[in-house]
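Scroll down for the structure; my scribbles are underneath it.
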Amino acid sequence: MDILFSPQLLAAALITGVLYALISLGLNLIYGTMRLLNVAHGDLVMIGSYIAFMAFSLFNVGPLISMFGAAIICGGLGWLAYRSVFQNLLSNSEILARLEENSLLLFFGISVVVQNLVILFFTADRQGYEYLSAIVEIGDVRLTGARLAVLIVGSVVSIAAVLYLRFSLFGLAINALIQNRDASAIVGINVDRVQMFSLVIGFGITGLAGALISVLEPITPVMGFPYTMSAFVVIILGGLGNLWGGFLAGLLLGFLEIYGVAVTGPEWRSVLVYGIFIGILIFRPQGLLGRGRVAR
Amino acid sequence: MSQALLQVTDLSAAYGQVFALRDFSCRVEEGNITALVGSNGAGKTTFLRSLSGLLPPRQGRVDFDGGDITHQPSDQRVEAGLVMVPEGRLIFPTFTVEQNLKIGAISKRARDDLAEGLERSYALFPKLEQRRHQPGGTLSGGEQQMLAVARGLMARPRLLMLDEPTLGLAPLIAEAIFEMMVQLKETGLTLLIVEQDVNRTLQIADYAYVLENGAGVMAGEAQDILADPKVRESYLGI
Ligand SMILES: Nc1ncnc2c1ncn2[C@@H]1O[C@H](COP(=O)(O)OP(=O)(O)OP(=O)(O)O)[C@@H](O)[C@H]1O
Ligand SMILES: [Mg+2]
């Protein structure tokens, strides 16, 4: 039982939690502002990982640099998706009413296509690279330089994002759109612009998280799926569209998962995560920290 | 005829195949209170929703301040000073009173005026100042209505459109809202009011339109409309 009190485990939980917070913030922004169920969300993590992997193996550029490239490329994909598909769909009130269900199928299709494209180009083999693998010691904590870097960068980016969304005027507009679309339009919010930025930021920070994750685990075309699931667990745990609640829930799920696995064993990870998912849906559908689902 | 602040020409709007507004025309003169009355389902809200850009019109034309805004998105209308206080208030329930007011000043024309706007809101509705840090969703109906009006004013409107501002309010509070509308007119604001209290509305209005089944059936000086026997029978039960 000593292991439960080890600083190692605490660091592991923080790393996982911060990454979950970041990834699910992206999902929550997209769901909250547009009611799009992005079940391809984890594939952005995968794309971010491959970008970091390519940057390292082709140009010898580390993930702390290439994460910006991953953010920009994934953000660009968000922009492209908005301009080519969602802008039109969202501006038609009749399509809008059915978009939530249909978006699930749409993104599912996108996910399959993207994964297969990646298999075509990179094969289905696991990839990986060595980066800052030397052990760093801080007090009692021993962890690789790469993990320490992920912890620091992940914390800084997620805290900055949450503070921006909470205190800036643009963040207020995003939160307004999450609560009520018509009300946002009539107070003068440029709904179109807020939607586009939400998709760009949501995709971008998820791609950035993917670049960080590339140093933690093997890179494969299907690595994204567990992150999709975790992100959905997190935003349901935190209350759909509740950005602050989702951030806290991301940390919480990281802790539940890491400590849960430490007590039971790695083979229980899925049972734990999906068990929490199902439990929340049954007993507290509005989320642990949720304020109930907001009206459109 | 002089140029009206708002000029609506043969406007039609529909939900799917069902037309809720047909070839409706009206004008709102600067500095006036213009009233739009009609029974439930007449199309009043539909009309205001198409004026604010929430419901794209099927036909017709809307000119505001001399410019064609028929197909402009909502935010540009607010930017131009055409602002709606909607039916059902639509305040942001998780935002505090102050955040609700702040978001009301998001348009460029109002943003620099934020601090002054807050002061004006609290002077007009001292209740809101007491509740400034309370979530909007926890306010009473009357307070929510005050908040919705104050939020609309934060945008520095030139024309404020109010949809059923006294619906569901206690008589005393409803009367306070009517008095506030008169007060706003005295400050030079132009108002377009949709109200179910036809009698009281026509008393404070300058000009009025009557809408029935999506079509305009009567227009005139508010006093004349109020004195009209048909109106008295249909809408005032006299
Ligand atoms: N979202 C909608 N979808 C379909 N029909 C609608 C919708 N909203 C309103 N209608 C219909 O359009 C017509 C006009 O409705 P509207 O809300 O404009 O009336 P109103 O004059 O504001 O009535 P009230 O006094 O009840 O507010 C009604 O027949 C109504 O049933
Ligand atoms: Mg109505």
Exercise. Just to be sure, is A:S133 more than 8 Å from every other protein chain (Cβ to nearest Cβ), modelled with pLDDT under 95 and assigned to a helix (DSSP H, G or I)?
Worked result: no
Seminar exercise, completed: Note on B:D10: of the conditions (1) closer than 21 Å to B:R158 by Cβ; (2) away from ligand 2 (no atom under 16 Å from the Cβ), unmet is (1)
Problem set entry | Pairs with Cβ under 8 Å, 6+ apart, first in the stretch B:162-175 and within 14 Å of another protein chain (Cβ to nearest Cβ), second open to solvent by less than 60 Å² (accessible area, probe 1.4 Å) and within 12 Å of ligand 1 (Cβ to nearest atom) | B:L162/B:V194; B:L162/B:E195; B:D163/B:K44; B:D163/B:T45; B:D163/B:L48; B:D163/B:P86; B:D163/B:V194
Seminar exercise, completed: Contact list, first residue from the stretch A:123-136 and more than 13 Å from A:E217 (Cβ to Cβ), second anywhere and open to solvent by 50 Å² or more (accessible area, probe 1.4 Å), beta-carbon distance below 6 Å, six or more apart or interchain, is A:I135/A:R142
For this session: Report, by residue number, each residue of the stretch B:27-36 that is away from ligand 2 (no atom under 15 Å from the Cβ) and open to solvent by less than 10 Å² (accessible area, probe 1.4 Å).
Result: B:V28, B:I33, B:T34
Problem set entry | Residue within the stretch A:146-160 that is more than 14 Å from chain B (Cβ to nearest Cβ), open to solvent by 70 Å² or more (accessible area, probe 1.4 Å), without any contact (Cβ under 8 Å) to a residue 60 or more places away in the chain and over 23 Å from A:V61 (Cβ atoms) present | yes
Exercise. Considering only the stretch B:37-67, how many residues are farther than 22 Å from B:Y207 by Cβ and either within 11 Å of ligand 2 (Cβ to nearest atom) or β-branched (V, I, T) (or both)?
Worked result: 2
For this session: May I ask you to list the residues in the stretch B:175-197 that are within 16 Å of ligand 2 (Cβ to nearest atom) and open to solvent by 10 Å² or more (accessible area, probe 1.4 Å)?
Result: B:Q196, B:D197
Exercise. Within 26 Å of B:A4 (Cα to Cα) and facing chain A (nearest Cβ under 10 Å): does that describe B:P86?
Worked result: yes
Exercise. Which condition breaks for A:L165 when tested against (1) in contact with a Leu (Cβ under 6 Å, 6 or more places away or on another chain); (2) open to solvent by 40 Å² or more (accessible area, probe 1.4 Å)?
Worked result: (2)
Problem set entry | Filter pass, B:T9 being in the same structural domain as B:L167 (by TED's automatic domain parsing), away from ligand 1 (no atom under 11 Å from the Cβ) and within 24 Å of B:D224 (Cα to Cα) | yes
Seminar exercise, completed: Matching residues in the stretch B:23-63 (within 14 Å of chain A (Cβ to nearest Cβ) and either more than 10 Å from ligand 1 (Cβ to nearest atom) or in a loop (DSSP other than H, G, I, E, B) (or both)) number 8
Exercise. Restricted to the stretch B:143-174, and to residues that are farther than 23 Å from B:A105 by Cβ and of a type in the set (A, V, I, L, M), which residue is most open to solvent (accessible area, probe 1.4 Å)?
Worked result: B:L172
Exercise. So which residues in the stretch B:102-142 are under 19 Å from B:P165 (Cα atoms) and open to solvent by 20 Å² or more (accessible area, probe 1.4 Å), if there are any at all?
Worked result: B:L124, B:P126, B:K127, B:G137, B:T138, B:S140, B:G141
Exercise. Quick one: how many residues across the stretch B:1-19 are open to solvent by 10 Å² or more (accessible area, probe 1.4 Å) and within 14 Å of chain A (Cβ to nearest Cβ)?
Worked result: 4
Problem set entry | Looking only at the stretch B:191-208, and only at residues there that are part of a loop (DSSP other than H, G, I, E, B) and away from ligand 1 (no atom under 13 Å from the Cβ), the one that is nearest to the other protein chains (Cβ to nearest Cβ) | B:A205
For this session: Kindly indicate whether any position in the stretch A:192-213 is touching an Asp or Glu at 6+ places or on another chain (Cβ under 9 Å) and either outside any helix (DSSP H, G or I) or within 14 Å of chain B (Cβ to nearest Cβ) (or both).
Result: yes
Problem set entry | Residue pairs meeting the criteria (Cβ under 6 Å; at least 6 apart or on separate chains; first free of Cβ contacts under 8 Å to residues at least 40 places away in the same chain and more than 10 Å from B:G214 (Cα to Cα), in the stretch B:36-55; second among the polar types (S, T, N, Q) and more than 9 Å from ligand 1 (Cβ to nearest atom)) | B:G53/B:S74
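The values are calculated or read from the model by the stated rules, or taken from the named source; none is laboratory data. Please read all numbers here as calculations on a predicted model, not as lab measurements. Note that we place each Cβ from the backbone using ideal geometry, even for glycine, and neighbour counts take in every protein chain shown. SASA here: full protein model, heavy atoms, side chains in, ligands and nucleic acids out. Shrake-Rupley method; radii C 1.70, N 1.55, O 1.52, S 1.80 Å.
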